[in-house]
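Working notes for the structure below.
The values are calculated or read from the model by the stated rules, or taken from the named source; none is laboratory data. Worth saying up front: this structure is predicted, and the values here are computed from it rather than measured. Note that we place each Cβ from the backbone using ideal geometry, even for glycine, and neighbour counts take in every protein chain shown.
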Amino acid sequence: MSNTRFFTVPGPPAGQGRHRTRVIPPKLEKVIDALSVAMCNAARPPIVASRIQHLFKKLIVQPYNNPKTAQRAAVVLRSYQNRHGREEAFLGPVRVRVVLHREIPKSWPAWKHEAAADDLIVPTSRPDCDNVQKLIYDALNGYAWMDDAQVFSVHVESRYHDAALCVGMSIQLEGFPKIEKKSQLESAPVHSFDGGAFFGTGAEEEQAKGA
């Protein structure tokens, strides 16, 4: 049988931020040395060009984590651990289902507000589903599963809801047993997708869990 875990993440849905890089310049004495050589050999362009080229080779481009991404990932992980922190990470295949609950803009007219509440209008603005998926993978890697390569199926959708029902993100993880022996096939579940019952407002799933 599969093992299902459900939790919600509070606050407006957010995705993974862009990767950032910083340029680390060479040490000051190296710059002064290169400028001194250039000034002393102003009449000899090849030497000046060589020193400047050598100086630029000393520049180091260093990637670093986006601080906002780290904060968002921490919120996702904390929400998971509050509900399932004592449970071991999945070892087999995992299916991930996510609903982003977006608040209907207050500036919209009544007809548009009603249409959004009835799912006739859906969000098409950021955060996009792909970046949300990446954020969840990074946050839960090593906690909900050992490696995000175990995720064989993922479904992310974005919906509008009234502010009272906006819970941020609803996330369901369904873990399947890891098949290593032929004898395990007799009790192995079929990895089929049935998303009908899961996709609600978020509050409905919370009530079902508390019952």
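Note on the stretch 76-128: among residues that are of a type in the set (A, V, I, L, M, F, W, C), in contact (Cβ under 8 Å) with a residue 60 or more places away in the chain and buried (at least 17 other Cβ atoms within 10 Å of the Cβ), the one that is nearest to PRO13 (Cα to Cα) is LEU100. On inspection, TYR143 fails the criterion of being modelled with pLDDT of 90 or more and in a strand (DSSP E or B). Summed over the stretch 166-199, residues that are modelled with pLDDT under 75 and either hydroxyl-bearing (Ser, Thr, Tyr) or buried (at least 16 other Cβ atoms within 10 Å of the Cβ) (or both) total 6.
Listed here are the residues, each with its yes/no results for (1) of a type in the set (Val, Ile, Thr); (2) in the same structural domain as GLY92 (by TED's automatic domain parsing); (3) closer than 23 Å to ASN82 by Cα.
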position	(1), (2), (3)
ASP119	no, yes, no
SER125	no, yes, no
GLN133	no, yes, yes
TYR143	no, yes, yes
ASP148	no, yes, yes
VAL156	yes, yes, yes
MET169	no, yes, yes
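So is SER107 at pLDDT 90 or above and in a loop (DSSP other than H, G, I, E, B) or not? Answer is yes for this residue.
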